[in-house]
Amino acid sequence: MTPPTYRVLVIDDDEEEYLVVARYLRKATAALYTVTWISSYEQALVDTIICEHDICLLDYHLGEHTGIGLLRALRAAGYRHPVILLTGQGNVEIDIQAMELGAFDYIEKSGLTAELLERSIRYAIENHRIREALCKANEDLERRVQERTAELHRSNLELEQFAEIVAGDLQEPLRRVVRHVSTFASVADGADPQVALEASKEMMYGTMLDVRNLELLVTLVLEYSLTCKQRVPFDDVDLGKICREACRRIGPQIEKANATLEIGELPIVKGDARLLMGLFENLVDNALKYRSERPLEIRIRATQKGEVWLCEVRDNGVGIAEEDFDEIVVMFARGDDGSNTQSPGIGLPLCRKITEYHGGRLWADSGGDVGTTICFSLPAS
């Protein structure tokens, strides 16, 4: 087995003492040593940092200066190599100062032997490697803790915003339901039976749509919570089938908007059918919310690009302001299109989370005032 090689830097203003140390290291059998000599305090201040070495043997007496002073200056400059302090005589105060500055050992030259020097060097290098590994592990741990803390902070903020927006989005449909019921009671009280019947039909239809919107919102909340839980195995999902089912579920809203819906050929992918159905349902519902005065047209299609499917839901509604492109699919971002339509609330951000849950992504493209295309990618099976 080849013995390890260690690079030793000796800082000593006495050449004879340096030669003694070099001779001891040449006698070593457990390792091979290459020795570099620096003979002055001034040279050491400049060269120690840039000199390649594994350990430093530092003499206490350096002319008008001391090894303690040099070590203090080097540590202040970021020097982290292991150091063994050599001195002509024992001194408890010097020993304490050396240890406080991170010196591994303090050896009196009068008791120095080849065996003692080699053992001290070997232990110092191994101890330094362990310390460096622990420091790196601690730094990595602190970084991960900071990242996790920041992530938890973002999650808590997101949940607070989530609760606020869900509460707001639930209130408006509930208010409309209450208004429908109140209006129905007023119309029915003393009104002509035929008039009351026609009014009741219209209000019941409006109530049904509002209740459906409430159901959709509650489903969104449940789906959002599921995307935050442990991933479940994916099954083969026929996107065409679930897209048509999603549109059937919001058929009354599509009918009320007098919208034209065109569904192209969609692929079979691996995924969660319920979540992907919610994805289509929410994207089509978003197009219905942001329709313009012109007859609404919604087209859904998919094309394969390499190992992914690129799907899009295109409409000719009011469009999305260009400055909102990067924010519209971020949780709780709200667009400003100048219309009286309701804000996107949690629908589009939830769609983004569903696509990310499936290993894809979601983004928005807009033609200004001629509609919006919501695009998302999914891995090809």
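Applying a threshold of 18 Å to the alpha-carbon distances of Lys289/Lys353; Lys256/Lys289; Lys305/Lys353 flags Lys289/Lys353; Lys305/Lys353 as lying beyond it. When only the Cβ of Lys, Arg, Asp and Glu is charged (+1, +1, -1, -1), the dipole of the range 5-112 relative to its Cα centre reaches about 460 debye. Note that the range 5-112, at 4 °C in a medium of 1.567 mPa s, gets a Stokes-Einstein diffusion coefficient of 93 µm²/s from its Kirkwood radius over C-alpha pairs.
Remark: the range 256-311 projects, on average over all directions, an area of 4.6 nm² (convex hull of Cα atoms). For the range 227-278, GluC sites (Glu not before Pro) are listed when DSSP marks them as loop and at most 16 other Cβ atoms sit within 10 Å of their Cβ; the list is Glu265. Computed from label points 7 Å out along Cα-Cβ, the spacing between Asn258 and Arg361 is 4.0 nm. The simple Förster model, with R0 at 25 Å and r as the Cβ-Cβ distance, assigns Arg75 and Val20 a FRET efficiency of 0.40. Overall dimensions of the range 2-63, expressed as equivalent-ellipsoid semi-axes from the Cα gyration tensor (√(5λ), whole Å, largest first), are 21, 14, 7.
Quote the FRET efficiency, to the nearest 0.05, computed for Ser39 versus Glu139 with a Förster distance R0 of 30 Å and r equal to the Cβ-Cβ distance. In this case the efficiency is close to 0.25.
Between Lys27 and Arg119, the simple label model (points 7 Å from Cα in the Cβ direction) yields a spacing of 1.5 nm. With no solvent and one equal point scatterer placed on each C-alpha of the range 77-154, evaluate the Debye formula and give log10 I(q)/I(0) for q = 0.14, 0.26 Å⁻¹, two decimals. Taking Cα atoms of the range 77-154 as identical point scatterers yields -0.60, -1.19.
Bear in mind that the values in this text are calculations on the coordinates, not laboratory data. Just so it is clear, the model here is predicted, and its values are computed rather than measured. Neighbour counts are summed over all protein chains in view; Cβ atoms, including those assigned to glycine, are modelled from backbone coordinates with ideal geometry.
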